[in-house]
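Chemist: The structure that follows is given in the form of structure tokens.
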There are 2 protein chains.
Amino acid sequence: MMPVIKSSREDAIEAIMREFRKSGYDAASLARLSAATGLGKSSLYHYFPNGKEDMAKAAGALVVALVEEAVIDPLTGSGSLKARLQKATTGLSKLYNGGKASCLIDLFTIGEAEAATPGLAKAMAEALLRAFTGVAEEAGRPKKDAKIIAERAVIEIEGALVLARALGSTRPFQRMLARLPTLLIGNAG
Amino acid sequence: MMPVIKSSREDAIEAIMREFRKSGYDAASLARLSAATGLGKSSLYHYFPNGKEDMAKAAGALVVALVEEAVIDPLTGSGSLKARLQKATTGLSKLYNGGKASCLIDLFTIGEAEAATPGLAKAMAEALLRAFTGVAEEAGRPKKDAKIIAERAVIEIEGALVLARALGSTRPFQRMLARLPTLLIGNAG
DNA sequence: TCCATTGTACCGAACGATTGGTATATTGGG
DNA sequence: CCCAATATACCAATCGTTCGGTACAATGGA
């Protein structure tokens, strides 16, 4: 059995992910990442031999896992459609800190990030699209409609996060979350 | 009368704006901005005495003007609601190069950009919200509903641009543009 | 049991390169 | 001649990265 205590590396990855999601890839300097983790710059290279690129990949992998846990798993799990969507919206709210945190699908498609984490943003977007498409189909939408509805769902999530950031208010994100279930399954359920 | 030939400064601002919208603020180094404009560093500092910050402000001002021209003016101008929205969607498509170009409301709320152009992203978002709210009200929506509809419009624009970037496809943006008029004015004409 | 060896975790100092920015010419058209 | 425009050369600061090293725990053969 694995030890219960989280390794220092996992702690570091969490802090690194937070920093990347706060500053974006390019503005997250090693100095900042060092401060965020409490580890010296040189110590970071112990856990991440390839430097910033490795850190971005680790942060990306963590976010992928969090999205899976908070959104994908609930959606593809058991229970009524309504109940599953309820879980997913709660998960989304937690994942994005109620609208205060940004999404890597956005941040990691800007500047030098894509070179460090090739295909990551696309994979994350496609995973969300797949899950939402499944839900919309289950609610009785024709396959083609389901895909477009799912696309709208992802668009609304990303757009709401951008607008919330620009306005300095979480309200747009909250309202978006409230209408997500209706968008995806209408009155079915 | 102003000379017809565009000044070298205006040319530079256009190129700078393109570079900022391609790379984001932090990854747009002076070296890249120099290459993008074809101007040496000394020339850039001749036109923009405060350096990168001035360039970001100039790029921001240009984008504000372009948004005004392509979206706001058409929406608040004359003609039927439908016709005006048609003009605005055409304007949006041009402004964002059919979904290939990013929006400063997104890019300039990441990293160090906000310090260089304080309030710019918020002002741009609010200008769009105002214009869309006016249109929705004119279409007969109650004031409160109009505001929420306008918010959804901005959210869809920003979200579609993010998703298009992540997937490497302009399709999501195109579909979003197609449903924008219906979102804003329903079947009113 | 002793102790040499190995592995893990970390750090200060320095690296070469690049960052944003400045100072001082030089150029060339009006 | 004037002055906008550009070139050349430079700067301190920071960038991501590497190096040499310390402290300590675990391992394992004599």
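Chemist: Could you look through segment A:15-31, keep only residues that are touching a Ser or Thr at 6+ places or on another chain (Cβ under 9 Å) and either away from DNA strand D (no atom under 13 Å from the Cβ) or polar (S, T, N, Q) (or both), and pick out the one that is nearest to the other protein chains (Cβ to nearest Cβ)?
Modeler: The qualifying residue nearest to the other protein chains (Cβ to nearest Cβ) is A:23.
Chemist: Follow-up. Tell me yes or no: at least one residue of segment A:143-155 is open to solvent by 10 Å² or more (accessible area, probe 1.4 Å), of a type outside the set (D, E, K, R), modelled with pLDDT of 95 or more and farther than 14 Å from residue A:103 by Cβ. Walk me through how you get there before you give the answer.
Modeler: At the first step, the residues of segment A:143-155 found to be open to solvent by 10 Å² or more (accessible area, probe 1.4 Å) are A:143-145, A:147-149, A:151-152.
Checking which are of a type outside the set (D, E, K, R) leaves us with A:148-149.
Subsequent filtering for residues that are modelled with pLDDT of 95 or more retains A:148-149.
Adding the requirement that they be farther than 14 Å from residue A:103 by Cβ leaves A:148-149.
Yes, the conditions are met somewhere in segment A:143-155.
Chemist: Out of (1) part of a helix (DSSP H, G or I); (2) farther than 15 Å from residue A:116 by Cα, the odd one out for residue A:78 is which?
Modeler: The one condition residue A:78 does not meet is (1).
Chemist: Among (1) within 12 Å of DNA strand D (Cβ to nearest atom); (2) small (Gly, Ala, Ser); (3) surrounded by fewer than 16 Cβ atoms within 10 Å (Cβ to Cβ), which single condition is residue B:12 missing?
Modeler: (3)
Chemist: Looking at (1) within 16 Å of DNA strand C (Cβ to nearest atom); (2) modelled with pLDDT of 95 or more; (3) among the small types (Gly, Ala, Ser), which is the only condition residue A:70 fails?
Modeler: Exception for residue A:70: condition (1).
Chemist: Looking only at segment A:38-66, count how many residues are within 14 Å of chain B (Cβ to nearest Cβ) and within 8 Å of DNA strand D (Cβ to nearest atom).
Modeler: 1
Chemist: Restricting segment A:42-57 to residues that are open to solvent by 20 Å² or more (accessible area, probe 1.4 Å) and under 24 Å from residue A:110 (Cβ atoms), which is nearest to DNA strand C (Cβ to nearest atom)?
Modeler: It comes out as A:52.
Chemist: Taking only segment A:90-135 into account, find how many residues are assigned to a helix (DSSP H, G or I), of a type in the set (S, T, N, Q) and within 12 Å of chain B (Cβ to nearest Cβ).
Modeler: Result for segment A:90-135: 0.
The values are calculated or read from the model by the stated rules, or taken from the named source; none is laboratory data. Everything quoted here is computed from the prediction, not taken from an experiment. Reconstructed Cβ throughout: ideal geometry from the backbone, glycine too, with neighbour counts over all protein chains shown. Note: accessible area is taken over every heavy atom of the protein model, side chains too, but ligands, DNA and RNA are not part of it. Shrake-Rupley method; radii C 1.70, N 1.55, O 1.52, S 1.80 Å.
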